[in-house]
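Undergrad: This is the structure I have questions about; it appears just below.
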Amino acid sequence: MKIALLAGDGIGPEILREAVRVLDVLRSEGLGVETEEALVGGAAYDASGDPLPKATLDLAKSSDAVLFGAVGGPQYDTLPRDKRPEKAILGLRHECDFFANLRPANVFPELADASTLKAEVVSGLDIMIVRELTGDIYFGKPRGISGPKGDRVGFNTMHYTEPQIRRILHTGFKTARARGKRLCSVDKMNVLETSQLWRDIAEEIAPEYSDVALSHMLVDNCAMQLVRNPRQFDVIVTGNLFGDILSDEASMLTGSIGMLPSASLDARGKGLYEPIHGSAPDIAGRGLANPLAMILSMAMMFRYTFGRIDIAARIEKAVRAALAAGLRTADIAVKGIKPCATAEMGTAVAKAL
Ligand code: IPM
Ligand code: MG
């Protein structure tokens, strides 16, 4: 098993360090894992002028899996778009064809009180968001800003091809088949042609999965339903832009964006694993970050890329044990509880493992 470690910027390095601490426990038991680090995002730009250097991309391509921290920071926001840290994660997704993004939102019983929603609304929540990652307005052309000052035009293109829609819908149906057998396809077909095509194809494919109940929902309604009655959902499948927004929203149902892992898979199961949160420059380097989304992303790596469901389950159990022991980073600490540091949480998970 060869894993590329791309820590990135902000809190990326400190949370990845805790995941590696957990990985080291498995290595000490004799698990054959090879790791190699490379610079990515702002850190790579600072060192080489390129947020996704060729060496980093080559390492990602030659590894079985990528563990990715986070990229970005305010000091890079005025750079030309192709030099910005975000270009690195978008480039990796695109170049490696990591099209299927799985973002599970589960509420750990220990954390039902940490959500800003009432515990009775979120307890027992178990949603899987399947987000398309290589198409949509993120990559559509033409795009740009043109015209003279005072009369400028900004434009992007929402673009989806039939094969792109088909493959992610198949992932959605298969994911639902392996879980609660309910698939909600989210679009904006009352306004957008890409969404009309999406819905038509979903209907076309549905008979191949007669054991899965397919429903459709408009994205604005879905945003509302997620806070009104989130437990109505089993699997949500949606495009790149809507999935970006809905998964941030869903993370808060679980108590904190610091809890949500993700897997981004290609057609053969190779994957990039990253927390859905960003680089959080405001708290970087202070030991405040929650490493659990990163550690849970590593659990997903063992489940999806390496087929080691046993190890994935052990890591998840160790996370729950650390939570059950009362450890809380600041983002999930309820009033009156003293928050622990990033490394304390990582150490507790490693020990429990
Ligand atoms: C995410 C992030 C990225 C995205 C950014 C960093 C480009 O928000 O993974 O959700 O928009 O996809
Ligand atoms: Mg996002």
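Undergrad: Could you give the size of the charge dipole of region 200-324 about its Cα centre, using +1 on the Cβ of each K and R and -1 on the Cβ of each D and E, expressed in debye and rounded to the nearest 20?
TA: With Lys and Arg at +1 and Asp and Glu at -1, about 840 debye.
Undergrad: Suppose every K and R has +1 on its Cβ and every D and E has -1 on its Cβ; what is the size of the dipole of the chain about the Cα centre, in Debye to the nearest 20?
TA: 380
Undergrad: Here's something else I'd like to know. Taking only protein heavy atoms and a 1.4 Å probe, what accessible area per residue, in Å², does the chain have with all protein chains in place?
TA: 43
Undergrad: Of G172, G287, G72, which is the most mobile in a GNM of the chain whose springs link Cα atoms less than 10 angstrom apart?
TA: In this elastic network of the chain, the residue with the biggest mean-square fluctuation among G172, G287, G72 is G287.
Undergrad: DSSP loop (so not H, G, I, E, B), at most 16 other Cβ within 10 Å: list which trypsin sites (Lys or Arg not before Pro) in region 285-353 pass both filters.
TA: Counting only loop positions with at most 16 other Cβ atoms within 10 Å, the trypsin sites (Lys or Arg not before Pro) in region 285-353 are R286, K335.
Undergrad: Which percent, to the nearest 5, of DSSP beta bridges fully inside the chain are antiparallel?
TA: 40
Undergrad: Please find the FRET efficiency linking A213 to E36, where r is the Cβ-Cβ separation and R0 is fixed at 35 Å, and quote it to the nearest 0.05.
TA: 0.20
Undergrad: Here is a follow-up. Report the trypsin sites (Lys or Arg not before Pro) located in region 73-145 that are in a DSSP loop and have at most 16 other Cβ atoms inside 10 Å of their Cβ, or state none.
TA: Answer in residue order: K118, R143.
Undergrad: For V237, what residues show an amide H to amide H distance below 5 Å, using hydrogens built from the backbone and excluding near sequence neighbours?
TA: Correct list: V130, C184, S185, V186.
Undergrad: Projected onto the charge dipole of region 1-160 (+1 at Lys/Arg Cβ, -1 at Asp/Glu Cβ, origin at the Cα centre), which of L92, I15, G147 gives the Cα projection farthest towards the positive end?
TA: G147
Undergrad: Pop out the ³J(HN,Hα) list for region 147-158 in order, Karplus 6.51 cos²θ - 1.76 cosθ + 1.60 with θ = phi - 60°, rounded to Hz; leave Gly and Pro as x.
TA: My calculation for region 147-158 gives x, x, 3, x, 9, 6, 10, x, 8, 9, 10, 7 Hz in order.
Undergrad: Need the C-alpha centroid separation for region 173-230 versus region 44-88, integer Å.
TA: 33
Undergrad: Could you give the size of the charge dipole of region 105-259 about its Cα centre, using +1 on the Cβ of each K and R and -1 on the Cβ of each D and E, expressed in debye and rounded to the nearest 20?
TA: It works out to roughly 220 debye.
Undergrad: What distance in nm separates the two pseudo spin-label positions at V191 and N221, each 7 Å out from Cα along the beta-carbon direction?
TA: Calculated label separation equals 1.5 nm.
Undergrad: Based on DSSP H runs of at least 4 residues, each adding -39500 (n - 2.57), what is the mean residue ellipticity at 222 nm of the chain after dividing by all its residues, to the nearest 500 deg cm²/dmol?
TA: Value at 222 nm, helices only, nearest 500: -12000 deg cm²/dmol.
Undergrad: Residue-wise, which Karplus ³J(HN,Hα) couplings in Hz belong to region 283-294, taking 6.51 cos²θ - 1.76 cosθ + 1.60, θ = phi - 60°, and x for glycine or proline?
TA: 10, 4, x, 10, x, 9, 5, 8, x, 5, 4, 5
Undergrad: Taking the chain as a Gaussian network, Cα atoms linked when under 10 Å apart, which of I283, I15, I257 shows the biggest mean-square fluctuation?
TA: I283
Undergrad: Suppose a student asked you for the relative contact order of the chain, using Cα pairs under 8 Å spaced at least 6 residues apart; what percent would you report?
TA: Relative contact order, the chain: 22 percent.
The values are calculated or read from the model by the stated rules, or taken from the named source; none is laboratory data. No experiment lies behind these values; they were computed from the predicted model shown. No Cβ is skipped: glycine too gets one built from the backbone with ideal geometry, and neighbour counts run over all protein chains shown. Areas reflect the complete protein model, heavy atoms only, side chains present, ligands, DNA and RNA absent. Shrake-Rupley method; radii C 1.70, N 1.55, O 1.52, S 1.80 Å.
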